[in-house]
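Quick notes on the structure that follows.
Derivation of every value follows stated rules applied to the coordinates shown; laboratory data play no part. What you see is a predicted model; the values in this text were computed from it and never measured. We place every Cβ from the backbone using ideal geometry, glycine too, and count neighbours over all the protein chains shown.
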Amino acid sequence: MVDVKFCVFCGKPPESKNKEHVLPQWLLRLTGDPNRVVSMGYNYKSRAEVSFRWKSLVTPACEACNTEYASLESEVRPIVEALLEREPLSVSNYCTLLDWLDKVRVGLWLNYHLLMGNPTGINPSFYINTRLRKKDRFVAIYPIQEKNAGLNANGVETLSFHGAPSAFGLRVNNIFLINCSSDYIFSGRCGFPYPASMKLHLDGESLGYLQMEKFKATRKIKTPLFSFQLHKPSVFLLQPIMQTAVSEIDQSSTFLGGDPAHDPYLLDSTMTGMQPGVGKIYRQFKDHVSRLDDESTLISFDTITGSECRPAGQLVSQVYELQTFLQSGYTPLAESLEVRKQWNQRQRLMKQLNRAISKNYINASSPKH
C-alpha cells in the first residue's frame, strides 16, 4: 500500500523483501472482516482523508526480520485472546505484550508517517528493532461494555504522534489498551537514575539530539509512579528501562546514571534473561505500588465499579491528553529565534488539535438530554 524503501524492523533496504502486516492478520480476523475499510487521519499533501482496508496496511520487511518477529506474534496471540476473556496472565506474559505493543506502536508510526504525507517533515531515524525495550513503558487495560467485534487504533493520526510516537490506544473487541513509551516518564519514581533536565536541540550540529543532565536516583519506590492521572484501569503495569549513553543504534552497554550490572539496587530491580537495564514490572494500584519480582506471578483484572466506570469515549480521550502531557517533558534549545518560534507554533497547534479530538470523544460519550 505504501512505497517504502526501508525494512520496518531494521531500517535497511529490505533483503528478500516480503510484506509485514503492521496489525497482524490473526488480529484482523479476531476483530472482524480483514477487508473492512477504515478511515483514519488526513493526508496533508493530498488534502484528503486517509482510508484503507485493514488487510492492506502493510510495509516491506526483510524476510529474516519478518521471520524473527513471527515468533513474537505466535507468543502474543494467546495472550490477547486471554485478555478478551479477562483471564489472569503472568508477569512474563505481560512483558511479551509490552514488547508487542512497542512493535505495533512504532510500526503504525512508520506507516502513517508515509500514509499522511510526512506532515512533520521527519526522516525516520529509528525503527522497530531500535525501539523495542528502550524506554520507560506502560500498559493500562480497560474492559469496555461493547460486545461487538472491532479494532481501532487511537492517537496514531495526530501530529503529536508523528513528532514522537510515544502513546497510542488500541481497542480490541471488548478491551481498550493505552500504551506509552517515552524518556524517563517514571524511572525516577521506581528508584532508577533519571535526569534533572532533558533539552532537545532544534538546530545546529546537535539537531535532534536530546541532552540529559544531572542524573540522580532516590533508590526508593514512590506512588503513584506516573504523574499523569489516568482513569482507573483494571490492570496498570509499568516497566522502567535504563537508557544507554550513546545512540541506541550502537548498542552501547554504558548506561546513563548507573550500572545495572553492579549497583545492588538496580540488580535487584531489573529483569533476568533480558538485556541489561530492563526493569522489573511494577503494578500500580489506587493507593500503592507493587514490584512484581516473580515472573510467574499471575495478574488478575481489578473490578471497576460505580463512579470509577467510564464511558468508552472518556477512556479514548485520555490518549490525546496523554500525548499533550508528554510534549512538556523536554526543554527546547535553538540557536535560531525563527526555529524556536516555529517549534512553539507547532507545539501549540499539536495541543489545539489534540484538545479538540479529546473533547469530541468526551462529548460523544456524554448522555444526551
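What number comes out for the charge environment of residue 356, summing +1 per Lys or Arg and -1 per Asp or Glu over other residues with Cβ under 15 Å away?
+2
What ranking, highest mean first, results for peptides 105-114, 310-319 when packing means the other Cβ atoms within 10 Å averaged over each residue? Could you put the intermediate results ahead of the total?
Values: 105-114: 22.8, 310-319: 21.0.
Ranked from most to least packed, the peptides come out as 105-114, 310-319.
Please list 209-216, 131-138 highest first by mean number of surrounding beta-carbon atoms within 10 Å per residue.
131-138, 209-216
Given Cα pairs under 8 Å that are at least 6 residues apart, what percent is the relative contact order of segment 82-153? Present the calculation step by step, with values, prior to reporting the outcome.
Working: 23 pairs, mean separation 23.9, N = 72.
Once divided by the residue count of segment 82-153, the mean separation gives 33 percent.
Return the aspartates and glutamates within reach of residue 220: Cα separation strictly under 15 angstrom, same-chain partners fewer than 8 residues apart disregarded; answer none if there are no such residues.
The qualifying aspartates and glutamates are 263, 268.
Find the percent of Cα-Cα distances in the chain that exceed 31 Å, and round it to a whole number.
Here the long-distance tail beyond 31 Å is 34 percent of all Cα pairs in the chain.
Pop out the Kirkwood hydrodynamic radius of segment 134-192 from its pairwise C-alpha distances, inverse of mean 1/r, in Å to one decimal.
12.8
Å³ per residue of the Cα convex hull, for segment 205-364?
Looking at segment 205-364, the number lands at 153 Å³ per residue.
Near residue 359, which lysines are there with a Cα under 22 Å away, not counting those fewer than 8 places off in the same chain?
Partners within reach: 232, 351, 368.
Which entries of 214/280; 12/55; 5/214; 147/286; 134/286; 134/216 have Cα-Cα distances beyond 31 Å here?
5/214
So, how do all the Cα-to-Cα distances of segment 171-264 break down into 5 Å bins, in percent, from 0 on up?
Whole-percent P(r) values from 0 Å outward: 2, 11, 18, 20, 18, 13, 10, 6, 2, 0.
Which value at 222 nm does the chain reach when only helices count, each DSSP H run of 4 or more adding -39,500 (n - 2.57), with the total divided by all residues and rounded to the nearest 500 deg cm²/dmol?
Numbers: 7 runs with 109 residues, N = 369.
That comes out to -9500 deg cm²/dmol.
What's log10 of I(q)/I(0) for segment 55-160 at q = 0.21 Å⁻¹, Debye sum over Cα points only, no solvent?
Log10 I(q)/I(0), no solvent term: -1.40.
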